1. Viscosity 0.692 mPa s, temperature 37 °C: what is the translational diffusion coefficient of the stretch A:4-494 from Stokes-Einstein with a Kirkwood Rh over Cα pairs, rounded to a whole number of µm²/s?
2. Excluding B:Gly318 itself, calculate the net charge of residues whose Cβ lies under 14 Å from the Cβ of B:Gly318, where each Lys or Arg counts +1 and each Asp or Glu counts -1.
3. Where a Cα-Cα gap under 17 Å defines reach, which lysines qualify for A:Lys113, not counting those fewer than 8 residues away within the same chain?
4. At a threshold of 8 angstrom on Cα-Cα distance, excluding pairs fewer than six apart, so keeping six or more, what relative contact order does chain B reach in percent?
5. Just the number: Rg to Rh for the stretch A:283-411, Cα atoms, Kirkwood Rh, two decimals.
6. Would you calculate the volume per residue, in Å³, of the smallest convex hull containing every Cα atom of the stretch A:117-249?
7. When ranked by the protection proxy of mean other Cβ atoms within 10 Å per residue, highest first, what sequence do the peptides A:355-362, A:136-143 form?
8. Count charges around A:Val267 for me, please; just the other residues with Cβ under 13 Å from its Cβ, Lys/Arg as +1, Asp/Glu as -1.
Amino acid sequence: MNDLTYVSHIPLFVVLVSMAAVPLILASSRKPNLRETWTLLAAGTKFLLVFSLLPGALEGRSAVLHLLEISPGVDLALKADPFGVFFALISSSLWIFTSFYSIGYVRGNNEHKQTRYFASFAMCLSATMGIAFSANLLTFIVFYEMLTISTYPLVIHKETPESISGGRQYLLYTLTAGLFLIAAAAWTYQLTGTMDFKAGGLFAGTSFPGSTMTVLFFLFLAGVGVKAAIMPLHSWLPTAMVAPTPVSALLHAVAVVKSGVFGVIRVVGFVFGPEVMAAYGLNIILAIFAGTTILVASLIAFRQDNLKRRLAYSTIGHLSYIVLGAALLSPSGFTGGMLHIATHATMKITLFFCAGAIYVNLHRENISQLNGIGKIMPWTMGAFAIGSLGLAGVPPVNGFVSKWFLALGALEADHLVVLGIYVLSGLLNAGYFFPIVHRAFFREGEHLEGHGEASTLMVVPLVITAMLSVLIGVRPDLFFHFYELASLIAQSLTGGLL
Amino acid sequence: MVENAPVLIPVIYLAACLLIGLTRLRYRWLAYPMALAANVLASATALGILYHVTRYGSFNYYFGGWIPPIGIEYVIDPLSAFVLTVINIVAGLVLYHSLNVNRLELGRKVVPYYSVAMLLMLGLNGIVLTGDFFNLFVFLEISSLASYGLIAVGERGSAFAAFRYLILGTVGASFYLLGLGFLHLNTGSLNMADLAAIIPNLEFGKDPAIVIALVMMTVGICIKMAIFPLHGWLPDAYTLAPSTSSALIAPIGTKVASYILIRTLFFVYGVDLVSEGIPVTTILGWLSAIGIIYGSILAIAQSELKRMLAYSSIAQIGYIGLGISMANPLGFIGAVLHVLNHAFMKACLFLVAANLRTQMGHSDISRFDDSYRVKMPWTMAAFTTAAISMVGLPPLAGFFSKWYLALATIENSQWVFLAVILISSLLNAVYFFRVIEKVYMKSPSGVADGAGAGNDPAQFGSGEPTSSMVIPVLVFAAALLLIGIFNALIVTTLIQPMMPPGM
């Protein structure tokens, strides 16, 4: 990819749109309908703005904006490169669905402090976009920490002792991670004199002692690995499931954790670069962590009776799919990993939406209580079935596509063990998801009389995301050109290795 | 005009100090506006000086036209102009805030209180302005005596705390003076610039007295600065002092002591000498690092907000000490930027404590709950901002001083110190989020938290103190965000020009 850039204010507007909505949301706390209008307006505008960056990204061009010098020699700079646009597209499009769903959820559940909820949500999205468009490590850190702080009120939303302790754990993990990241960034800056992300790695062409690079890599891994929930840094994620379901859906399946894996790919592809990773054997370290996480998380998922916790462990496993794909350092591995960011997002958000719909409608959280609910909530559980199939990697749902490329990547890199892990994990996924579907449709339930589907505001989004999963599975380039973008980025990253 | 400006500041404060005393006779209410007016004048002068120095470079003021080293001179360089501006502006906002809380806590003592506060400002400004070590000692004593007074009028036990401070402070001043004596005996000069020219020519093997002088002066200053383990006077003094005194002394008192340390080590003795010749900075670095961890851990253990902030101050002073001890440009930037940042953060937090004490009658963390946030949304928002800045999260100011310090430790390959900086951020998070958690989430005891309780607009704003107490707090909080975002501007235009020679 030629490093074509053009100056544009759109990335800044993308970041600011939802931030600007925060005071409006706070100011209209007395008028819920007006307040939700702001959320929806911000979500729509944000998505359109991101979408307008897509044509440029498809040509391999990046919109750049240098805001101001934030530390001598380092700018607070935004750069909407193809990878950033890719991630921003996923997050901003799914925010629209989540906004509708949230309205249905908080009203259906009669939640308290709804204003704080919507304000924090908007703030989170701003931070996520900032992460997507960060041009250098320092800007990345600024938004990364912002995301940590703005997610905190959502995690503790219920304000029960359980959620407060969950929030503490969340902060402990993510703040510590932020510190590692700061140390890593500072060290990188001392070593190389730059912090700008560069396709192929800012370390490319340098040589430092192997021990330095290994320690530095571990610092980075600890920094971004917490949000990516790589074991053993994962345990905040299941705990954070005490948050309301839309939060789990968007943040703990899409925005926050994907910011983590986004960070991992940034570190692998844009800080170290594939060549340096391979030269120091860092990809092996990463692959071992990710491979272990996939298998262990899948096994733990079996034992979870709480639906959201099972989804959480499934998320942990799938995040490491992406990390493992990046660790392969092969073009298809990167393509598959990036595609999986998108495909896992649509599938997992569907599943979380379903869990939320079941909770609001029936106040049931445990899988053992789900017998027969497919009969009263056919749409919801139908969507759930599609999501499950996709995560197990069954065509034509989109999970198959990304897994296909991940498998190809494993073959390209000649790591048959990795291929084995992907196959085995697919089976495990089927093993822990299909029984739920089976229960819902083929067992007799109790106390279900008089219940129907959840409110339309909740069912419509989840049906749409399920349909989106299938459509993207059939035509990966539909709407967003995910495949084209992903392969473009993969090429730019591995250009030297092909 | 500008060449005479430096001397204006002490004169303004001295005049205000005396005139305020007179208001006791008849117009007691004049004390507050007079103190405020004196500060506004001084702040404006300081800003003018800062502008002039940034634009045209350093300048001197010779008292009575006597040329140093015979006479006393005031030296205005980028460093002193910067510290001058910071302390006057912070003090201005604190004084603006002080009217109601002083009435409440001090009653009829308000008039002498403001008079002594002016004396404190006189001393602190004099320290920053002077280019003469003995003159500095005189101002140091003035400011110390004033601060003993300001602390001793506080709540029960404050007289004892002030006495303790007095003993330790006097010990510190004596150390400083003894050191100065040694220095004078061996060099025959007390003028800083003069000494800076003489000291490099001395041979330390032959003149151990110079080393002793350095050690004694450093110990003395470190007592004033409350570097671990010389911090013993600080927690009680800050906790038991009247709210305004805490907010006045905590942000700027120890900062001025840090200024003296920077001045003595880097500008008089020279960077090479203190970092390589005599291991002063090494020792300072380790003590600061221990102080950072010690202060942070003890802050976690406190249940009283002001006492928690006091221990946090010990830790934060450690950051400044650590930055100085790195003896490299990034460490220097970090230390000086932290002087600014911490002054603003601590002033903001102590003023929040003052607001709580005025409105709720206490600042006991264990009694905080959700209703505080509902009653005092603005104060609590400011508290949260300052707390997040203390934890060191971007883009707030606190992050950037830590960032430069982290860069400095990496440059010197001081991995332990890097770890200390990072770990202490986490400890800061523990003690601040403990408060934030209570304020935003703990339901008032006995009241069930019903749906939408926090959204009831009728409750908002009912418990905030008067605007003169809310505005300074908000100004500080907003300034933290601005300093953070525009820190590069501050670093390049203000801090880099003040880099000591040889760094």
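Any read-out appearing in this document is the output of simple, stated calculations on the displayed coordinates, not a laboratory observation. If you're wondering where the values come from, they're calculated on a predicted model, not measured in any experiment. Positions of Cβ are backbone-derived with ideal geometry, glycine not excepted, and every protein chain shown enters the neighbour counts.
1. Values: Rh = 22.1 Å.
Result for D is 149 µm²/s.
2. Details: positive: B:Lys255, B:Lys346, B:Lys402; negative: none.
Local net charge: +3.
3. Within the straight-line limit of under 17 Å, A:Lys113 reaches these lysines: A:Lys31, A:Lys158, B:Lys375, B:Lys438, B:Lys442.
4. Values: 854 pairs, mean separation 72.6, N = 503.
So the answer I get is 14 percent.
5. Details: Rg = 15.6 Å, Rh = 15.2 Å.
Taking Rg over the Kirkwood Rh, I get 1.03.
6. Values: hull volume 13.5 nm³, N = 133.
Enclosed volume per residue, from the Cα hull, is 102 Å³.
7. Working: A:355-362: 22.9, A:136-143: 25.2.
Per-residue Cβ counts within 10 Å, averaged per peptide and sorted highest first, yield A:136-143, A:355-362.
8. +3
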